[in-house]
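First comes the structure, then the notes that go with it.
The values are calculated or read from the model by the stated rules, or taken from the named source; none is laboratory data. Please read these numbers as outputs of a predicted model, since none were measured by experiment. Cβ coordinates were reconstructed from backbone atoms using ideal geometry, including for glycine residues, and neighbour counts include every protein chain displayed.
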Amino acid sequence: MSKEETPEKKKKGFSRRKFLKNTGIVIGGGSLLLYFGRHKLRTFAAGFIADMDLPSGVSNFDPDFWFEIMEDNTILFKSPKVEMGQGIFTGFAMLAAEELEVAIEQIKVVPGSSVNSANDMAGTGGSGSTHSLYVSIREVAATMREMLRMAAADYWKVPLEDIRAENGMLLKGSESMSYADIVKNTEQWKTPKTPDLKLASSFKYVGTERKRIDLKPKVMGDAIFAIDTEIPDMLYAVVQYPEYIGGKLKSVDSSEAESTNGVIRVIREDNWVAVVAKNRYAAEMGKKALKLEWDVEKTWQQQDIDELVKVGNGRTVKLQDKGSASSVIKDDDIEVIHQEYRTSLGVHAQLEPNGVIADVKEDKAVIIMGTQAISFVKRAVSKAINMSSGKIEIRNSFLGGGFGRRYFKFNAPEAARISQILGKPVQVFRDRESEFTDGYFRPSSHHELKAVLNDDGTVKAISHTQATGDMGIKLAAGKMGMNIMGADFISAGHGAKFLYDFPNKKAYVEHIDMPIPTGIWRGVGMFPNGFAVETFIDELARKANTDPIEFRLKHLYSDDPIVKRMKNIIEILRDRSGWNTPAPEGVGRGFACGEDRKTVAAAAVEVQKIDGQIRVTKVTHIVDPGLVINPDGVRQQVEGCIMMGISASMYEGTYVKDGQMTATNYHQYPMASLMDTPEIEVIMVEGSAKPSGVGEPPIAPMAPAIGNAIFDLTGERQRKLPFQLT
Amino acid sequence: MNISFKINGKAVTVDTDPMTPLLWVVRDELSLKGTKYGCGKALCGACSLHVDGELYRSCSLPVKYAENKNVTTIEGLSENENELHPVQQAWMDINVPQCGYCQPGFMMAAAKLIEEIPEPTDQDIKENISNICRCGTHPRIIKAVKKAAQLKQSQKVQSDE
């Protein structure tokens, strides 16, 4: 049985009684509230904002708290952002330790719940957690350190400047006491003004190599994910959603399911059917025994999707228009270089299927799950069970992979509804088939790129139009929001613009209303757009008889700081990867780069044909995410992006056949395995004093770099994802 | 039906449908949550564990086949927390996991591999472990398996001396 904390209704301020009761004390209150209040108006859709400074979305509408000092002098850090493998808990602990004056090992980071930590309206995503909380975490930590010092000064009755905080201890001359001791001895807390932060030059931890703070539990098998969690008297349920695209539940024959050994009840609601049982096996067997009929208005085929997701079919939003690209690029002109690109529907395929516990009582509901978006879940549950959101608590867990999957289709509303009907706690869990066929998908996309070159082989004008489905607008702003915005230029259109200093350039995104639920996937629009744009650039370089790297450098000359950083990393990568040395026989080389949320990344890739199969054999990857907090944490993310990039570009795609998705489990959705692991070198450059995102940007160059390398090897241009390899 | 076996050295008896996958018994009846459910079709390896020293994907192994046998899960791989199994030690040294969900399965597969092939090459590892990881820990897994093999060899040398 996994241990679950009893939620404690928190109060403003602190009291000795509360400490005794909880063996911990809440540090928080007025000053922190004030600080986070500043973000209040900036939270809308923050998780998806890609092209502006990403607000954290974290705010304190209640007097929430971040830290608790435990009796053993460890510090509990209740993170508003969730750990899904991206390593933020480690980085957060490093940042907090910096100002708290404690060892990193003294800090224990746990996912905050919707009632015991700072509210997070934006969710965990957009590669924004570290970047958006880089200052906040240190300010909260510094504030807490000052509160402890002030309390110690009062206790010893000396001026504040006589008190030092070091290694979790408060020192006055040769006397000392622990943070926990002063907490025990303090009745009245004083809150300071937000203190000045340490200068980067005096950082103790930031920039040093740290192993993950969640390493040991993850190695010992002790890390508890949502699907692992149990609460007493919990029942299990699986839900059958529509088996066909757009399917409406017509009839249910549940007699066989209900007589399955261990099945307790079959529940039909709106457009889904749940089988509730005393254990998982019975629930699964019961689901298999359901006989359901669906009304299907249209039986979709892949061809229908391809015809739908096509430039010209959607509502257009302009992303970029510099110079006069339209008048230079004339469709009937033979000078115009014109290419089209396509990407398939993609699945997140995270290893932990979604599992949600709901315990709904008359006046209180507790939801335990792994989500990237607590606030969205709360809203959805509130609606499903018609309960005010103030009575709903969402507890988060470690996420067995996120990649955007856990922004959507939470299962929480269904779980809450089932628990409400039964009057008992229930875990709704997804089987893998449900994850593959009824999740949210990376929308397919179609891209048209056109360009005219000058006589000297430089670009005179260029244009890009992308047609694709929604990635996040509907979730954040609803259908009406989508109508107002026109197209999802924030997420899906991300990366469609040109960073290069082309004199005439324009970019559009077209919104296609797809019949399949679509959403964000690692890198959002950067993944398909980066593929289309950077493959096209490679094609232009070949046309211009220019080395692909030199071609790009020629078009990166302005004083824009991002352009300068991009130029810098490309030059370093060119020299470090051996790009200018002749490639050995049988080796194809490709290059691509991408800018994503102020992080620039580039990759030089080598491919070879091994036993008749093309494989990526070497990747030299360079990333400039600004300030690096934990180099090994960044390295892990880059490695992850390299492998996911190889996987998605070489193999991954799901398709529509007879109204259903073709991939139902991993055997029908091939992914990269250990066999696909290339030799990898990761280079990090710190081109800014502030951190920017690192979870997604490194994937930007992967698909085009591999495709360009395949062209170099075989002469066959890859204009579709996944690649069409013979 | 009552089925008895040993798990991580401890004798247990469970009353269950004999066709129930061993995975669900281990996780839900015996509350050992380190063995993970990933696909239910023996495709991803997240549920890998050992039965009498052999590697199995427990989502597809009915519990009746564990009767009177010795089951080892990730929780029982190391003797104790201070004396880690070479695979878990190597996983620590190389800082392998990201989300961590697939890692127990990989470690169980790796523990079996280094018994079969005491000095595995990259190719041996690539060909013999077909588990799925989505975070992209593959390069570190390969490094860690080699490191684990070395640690195991040096332990062996020490105990021989």
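Things to note:
- The residue list A:361, A:378, A:330, A:318 contains one member that is out of contact with any Pro (no Cβ under 9 Å at 6 or more places or on another chain), surrounded by 15 or more Cβ atoms within 10 Å (Cβ to Cβ) and among the charged types (D, E, K, R), which is A:378.
- Screening residue A:222 on (1) in a loop (DSSP other than H, G, I, E, B); (2) facing chain B (nearest Cβ under 10 Å); (3) out of contact with any helix residue (DSSP H, G or I) (no Cβ under 9 Å at 6 or more places or on another chain); (4) not basic (Lys, Arg) shows it passes everything except condition (3).
- Qualifying residue in the stretch A:584-605 (condition: among the aliphatic types (A, V, I, L, M), in the same structural domain as residue A:550 (by TED's automatic domain parsing), touching a Phe, Trp or Tyr at 6+ places or on another chain (Cβ under 6 Å) and not in a helix (DSSP H, G or I)): yes
- Test: residue in the stretch A:647-668 that is more than 14 Å from chain B (Cβ to nearest Cβ), buried (at least 20 other Cβ atoms within 10 Å of the Cβ), part of a helix (DSSP H, G or I) and β-branched (Val, Ile, Thr): no
- Filter result (in contact with a Cys (Cβ under 6 Å, 6 or more places away or on another chain) and either of a type in the set (A, V, I, L, M, F, W, C) or surrounded by fewer than 24 Cβ atoms within 10 Å (Cβ to Cβ) (or both)) within the stretch B:79-112: B:99, B:102
- Selected residue (only one of A:204, A:190 is surrounded by fewer than 18 Cβ atoms within 10 Å (Cβ to Cβ) and either within 14 Å of another protein chain (Cβ to nearest Cβ) or farther than 16 Å from residue A:96 by Cα (or both)): A:190
- Residues of the stretch B:116-144 that are touching a residue at least 40 places away in the same chain (Cβ under 8 Å) and in a helix (DSSP H, G or I): B:140, B:141, B:143, B:144.
- Within the stretch B:33-46, restricting attention to residues that are at the interface with chain A (Cβ under 8 Å from one of its Cβ atoms) and surrounded by fewer than 24 Cβ atoms within 10 Å (Cβ to Cβ), the residue that is nearest to residue B:8 (Cα to Cα) is B:40.
- Yes/no for residue A:488 being touching a Gly at 6+ places or on another chain (Cβ under 7 Å), acidic (Asp, Glu) and under 27 Å from residue A:703 (Cβ atoms): yes
- Yes/no for residue A:457 being part of a loop (DSSP other than H, G, I, E, B) and either under 22 Å from residue A:493 (Cβ atoms) or within 14 Å of chain B (Cβ to nearest Cβ) (or both): no
- Single condition residue A:381 does not satisfy, out of (1) more than 16 Å from the chain's Cα centre (by Cα); (2) closer than 30 Å to residue A:637 by Cβ; (3) hydrophobic (A, V, I, L, M, F, W, C): (2)
- Whichever residue in the stretch B:88-104 is in contact with a Ser or Thr (Cβ under 9 Å, 6 or more places away or on another chain) and more than 7 Å from every other protein chain (Cβ to nearest Cβ) and, among such residues, is farthest from residue A:350 (Cα to Cα): B:89
- Test result for residue A:177, at pLDDT 95 or above and outside the structural domain of residue A:82 (by TED's automatic domain parsing): no
- Number of the condition not met by residue B:5 [criteria: (1) closer than 29 Å to residue A:667 by Cα; (2) touching a helix residue (DSSP H, G or I) at 6+ places or on another chain (Cβ under 6 Å); (3) more than 14 Å from chain A (Cβ to nearest Cβ)]: (1)
- Matching helices (runs of 4 or more DSSP H) fully within the stretch A:360-449 where at least 3 residues are among the β-branched types (Val, Ile, Thr), touching a residue at least 12 places away in the same chain (Cβ under 8 Å) and in the same structural domain as residue A:283 (by TED's automatic domain parsing): A:374-385
- Tally of residues being touching a strand residue (DSSP E or B) at 6+ places or on another chain (Cβ under 9 Å) and closer than 19 Å to residue B:125 by Cα across the stretch B:90-114: 9
- Any hit, the stretch A:491-500, residues being touching a residue at least 60 places away in the same chain (Cβ under 8 Å), assigned by TED's automatic domain parsing to the domain that holds residue A:592 and charged (D, E, K, R): yes
- Qualifying residue in the stretch A:261-271 (condition: away from chain B (no Cβ under 14 Å) and closer than 30 Å to residue A:462 by Cβ): no
- The residue that is farthest from the other protein chains (Cβ to nearest Cβ), among those in the stretch A:415-430 that are under 22 Å from residue A:347 (Cα atoms) and not aromatic (Phe, Trp, Tyr), is A:428.
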